[in-house]
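Presented below is the structure to which this report refers.
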Amino acid sequence: MKLAKNARFATVCLHAGQEPDPSTGAIITPIFQTSTYVQEELGKHKGFEYARTQNPTRAALEANLAAIEGGKAAFAFASGMSAVSAITSRLSSGDHVIVTDNTYGGTFRLFDKVLTRYGLQFSYVDTSRIEEVERAFTARTKLVFVETPTNPVLRLSDLAEIAALTHRKGAILAVDNTFASPCLQRPIALGADLVMHSTTKYLNGHSDSIGGVVIATRDEDIEWLRFIQNSAGAILSPFDSWLVLRGTKTLPLRMKQHTANGTALAQFLEKHPKVTKVIYPGLPSHPQYALAKKQMPNGCGGMLSFEVASLDVARQVLNRFKLMALAESLGGVETLVCHPASMTHASVPPERRAKIGLSDALIRISAGIEDIDDLIEDLEQALR
Ligand SMILES: *Cc1c(COP(=O)(O)O)cnc(C)c1O
């Protein structure tokens, strides 16, 4: 099984990084549930010494994810947050970081409550406005950390434009690509130096594993990430690595269905009399529809939000769903709904929520891959 250099995306997802097991021919990479490896003689081993440092199941996943994102190497971590943490470990005390203002709540918490104690400085900026990004640079800016589309108001940032600016200023660009998935958005092709994912979401896709990954392009980042993965030790377990490998095999199929369902739900909601606003980058009514078409040409995925008349109405609607499950998280095969203001974004102060356009009457949907008619029926009865 040899993957051609010009193999297409779906083929890469399915095959990259995986060889039949040499001892048995097993087509699926086994779960190497071991802590250590026997050495043949002193100083002679098969490239595996201790399982924090090297594990074949994790290595297969890392090769797979590096190929999928179009990077040179990937490093799998125990969660999306430990992946973010590995990226920021590139920095030194006194360094400054520019961050998308409505970045994932856990990322904000790590930056604001933990890393500021180590002398790192963060500026939270509306990265959809390039002038604001440019204004935020200081002589000590080393990293720009962008999330696009953002959660839950689905604001986009122009990655090609930000990458060019960041490099002109001598800093590096890291992109949290969790919401889009590499199927729909290719940050490295647009100039990003580092890409991270919470594999918990679309990459694993089955709501049964927590994990994270950083994909890198520059040798100095790769060397450091390999060092920090082993030194800090927040590695992804063999079983979780195996689960994510299973997930990426169907990523293109799933993303097609997530996008089809997300689009159909957004169109249904836009026509519904009880819905006051729908936010989905794939709708022409989205203020950044043109950028969405350019940056996410294969579609906009399964994440959408909508507003109803009041918090009270939102509460009634959320409590009436039968098929859609009320839960945090996203990107799994089953449809989830949530109330960001009281769930995922409860720790964000009300003024900040208002500034990013997150109202108390906003409901977020992570469209799964169920039959669309069943989803629309559920939405219809919940809104009735
Ligand atoms: C979930 C999520 C994270 C954090 O990932 P965990 O796997 O929960 O640690 C980071 N960024 C985004 C955009 C997420 O959705």
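A compact table of results
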| read-out | value |
| --- | --- |
| Most positive-pole-ward Cα, MET324, ALA292, TRP242, against dipole of the chain from beta carbon charges | ALA292 |
| Cα gyration tensor shape for the range 153-234, rounded if a/c is under 1.5, else prolate or oblate | oblate |
| Mean separation of Cα contacts under 8 Å (6+ apart) over length of the chain, as relative contact order % | 16 percent |
| Charged-residue dipole, Cβ positions (Lys, Arg, Asp, Glu), the range 9-249 about Cα centre, Debye nearest 20 | 240 debye |
| Cut-off 11 Å between beta-carbons: net charge of the residues surrounding THR148, Lys and Arg +1, Asp and Glu -1 | -2 |
| Contact order normalised by residue count of the range 85-242, Cα under 8 Å, 6+ apart, percent | 18 percent |
| With every protein chain in place, the range 1-157: carbon and sulfur % of accessible area (1.4 Å) | 54 percent |
| Peptide ranges 92-104, 145-157 listed from the most packed, as the mean C-beta count within 10 angstrom indicates | 145-157, 92-104 |
| Evaluated at q = 0.13, 0.19 Å⁻¹: base-10 log I(q)/I(0), Debye formula over Cα of the range 82-235 | -0.55, -1.27 |
| Structure-based [θ]222 nm, the chain - -39500 (n - 2.57) summed over DSSP H runs of at least 4, per residue, nearest 500 | -10500 deg cm²/dmol |
| Part-to-part distance (alpha-carbon centres) for the range 26-50 and the range 115-184, which is given in Å | 39 Å |
| Three-way shape label, the range 264-384, alpha-carbon gyration tensor, a/c 1.5 | rounded |
| With Cα atoms, 0 to 90° folded angle of helix 159-168 axis to the chain main axis | 60 degrees |
| LYS113 versus ALA164: modelled label distance in nm, points set 7 Å from Cα along the beta carbon direction | 4.0 nm |
| Fraction of accessible area attributable to carbon and sulfur, the range 251-383 (%, probe 1.4 Å) | 56 percent |
| Above-threshold pairs, the threshold being 27 Å between Cα atoms, out of LYS169/LYS256; LYS44/LYS249; LYS322/LYS355; LYS256/LYS322; LYS201/LYS294 | LYS169/LYS256; LYS44/LYS249; LYS322/LYS355 |
| Average Cα contact separation per residue, the range 251-383, under 8 Å, 6 or more apart, as relative contact order % | 29 percent |
| Ranked by how many other beta carbons lie within 10 Å on average, peptides 253-266, 117-130 from highest | 253-266, 117-130 |
| In degrees, nearest ten, helix 56-69 long axis to first principal axis of the chain (Cα) | 50 degrees |
| Solvent exposure of the range 130-182 as accessible area per residue, Å², 1.4 Å probe | 32 Å² |
| Net lengthening on full extension, ILE376/GLU220 (0.36 nm per residue, minus Cα-Cα) | 51.3 nm |
| Cut-off under 5 Å, modelled amide H: who pairs with MET303 long-range | ALA367 |
| Mean Cβ count within 10 Å, highest first, over the residues of peptides 223-230, 175-182 | 175-182, 223-230 |
| Gyration tensor (alpha-carbon) shape descriptor, the range 234-309, a/c threshold 1.5 | prolate |
| Helix axis angle, 372-383 relative to the chain longest principal axis, alpha carbon, degrees | 50 degrees |
| Alpha-carbon Rg/Rh ratio, for the range 1-156, with Rh computed the Kirkwood way | 1.08 |
| Intensity falloff of the chain expressed as log10 I(q)/I(0), Debye formula with alpha-carbon point scatterers, at q = 0.08, 0.12, 0.13 Å⁻¹ | -0.41, -0.92, -1.07 |
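The values are calculated or read from the model by the stated rules, or taken from the named source; none is laboratory data. All of these numbers come straight from a predicted model, not from anything done at the bench. All Cβ positions, even for glycine, are placed from backbone atoms using ideal geometry, and neighbour counts span all protein chains on display. Ligands, DNA and RNA are stripped out before the accessible areas are found, and what is left, the full protein with its side chains, is counted by its heavy atoms. Shrake-Rupley method; radii C 1.70, N 1.55, O 1.52, S 1.80 Å.
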